[in-house]
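Asks: Below is the structure I would like to discuss, written out as structure tokens.
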Amino acid sequence: MLISTNPTDAPVIACNFGAINASQRAEHMNTADQIFASVIDIKETDNGYAFQLPLNPPMLYKLTTFINNERLCCSFFTFTLTVRDELWLELSGTPAVKTYIHDNMVVSVRESGQLSASLKAEIVASVNEGVISPANIPIS
């Protein structure tokens, strides 16, 4: 994660998309699209949101691949994978991270069944730059 400062010197959430190998970025976005298009249910947790997904081997593989890459570019997320009778991916973090998850993932997945077009557009536009700060949200 790249931490930069705003005029008030508060750290902000920033994704370092360049941390994902260039040859894997398109596949990472495709995997993220497939995961979030498959969400069955969403639950709010104390520090984030949990996404229920189909419990099957291909989804488990997609999730582990997604987490492996996403942790490199967006290290402000905490990932929790729960596999029992159901499969849940929890994304969590500080209160600001929880707000970011809600605004950029939860709302669009509930409304359209996919990640927000604006978030994807910012990521695609940032590929050459390598770093994005989609919401300029203070971490603390």
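The values are calculated or read from the model by the stated rules, or taken from the named source; none is laboratory data. All of these numbers come straight from a predicted model, not from anything done at the bench. Neighbour counts run over all protein chains shown; Cβ positions are idealised from the backbone, glycine included.
Asks: Out of the residues in segment 109-119 meeting the condition of being in contact (Cβ under 8 Å) with a residue 60 or more places away in the chain and assigned to a helix (DSSP H, G or I), tell me which one is surrounded by the most Cβ atoms within 10 Å (Cβ to Cβ).
Replies: Per the stated criteria, the residue is V109.
Asks: Additional query: Tell me, yes or no, whether segment 33-40 has at least one residue that is without any contact (Cβ under 8 Å) to a residue 12 or more places away in the chain and farther than 18 Å from L119 by Cα.
Replies: Checking segment 33-40: not a single residue is without any contact (Cβ under 8 Å) to a residue 12 or more places away in the chain and farther than 18 Å from L119 by Cα.
Asks: Of the conditions (1) in a loop (DSSP other than H, G, I, E, B); (2) over 18 Å from G93 (Cβ atoms); (3) modelled with pLDDT under 90, L55 satisfies every one except a single condition; which number is it?
Replies: (3)
Asks: Within the set of pairs 6+ apart or on separate chains, which have a first residue in segment 50-68 that is at negative phi, a second that is charged (D, E, K, R) and buried (at least 17 other Cβ atoms within 10 Å of the Cβ), and C-beta atoms under 8 Å apart?
Replies: Pairs found: A50/E90; F51/E90.
Asks: Given the criteria in a loop (DSSP other than H, G, I, E, B), in contact with a strand residue (DSSP E or B) (Cβ under 9 Å, 6 or more places away or on another chain) and surrounded by 14 or more Cβ atoms within 10 Å (Cβ to Cβ), does F76 qualify?
Replies: Yes; evaluated as a whole, the condition is true for this residue.
Asks: Also, I was wondering about something else. Kindly indicate the residue of segment 11-23 that is surrounded by 14 or more Cβ atoms within 10 Å (Cβ to Cβ) and not β-branched (V, I, T) and also modelled with the highest pLDDT among those meeting that condition.
Replies: Filtering first and then ranking leaves A19.
Asks: Going by what's in this entry, would T99 be described as within 23 Å of I13 (Cα to Cα), polar (S, T, N, Q), surrounded by 14 or more Cβ atoms within 10 Å (Cβ to Cβ) and modelled with pLDDT of 95 or more?
Replies: no
Asks: Do we have S108 as closer than 28 Å to A22 by Cα, modelled with pLDDT under 90 and among the hydroxyl-bearing types (S, T, Y) here?
Replies: Considered against the rule, which asks whether it is closer than 28 Å to A22 by Cα, modelled with pLDDT under 90 and among the hydroxyl-bearing types (S, T, Y), S108 comes out as yes.
Asks: Go through (1) modelled with pLDDT of 90 or more; (2) surrounded by 15 or more Cβ atoms within 10 Å (Cβ to Cβ); (3) within 18 Å of M29 (Cα to Cα) one by one and return the number of the condition T94 breaks.
Replies: Exception for T94: condition (3).
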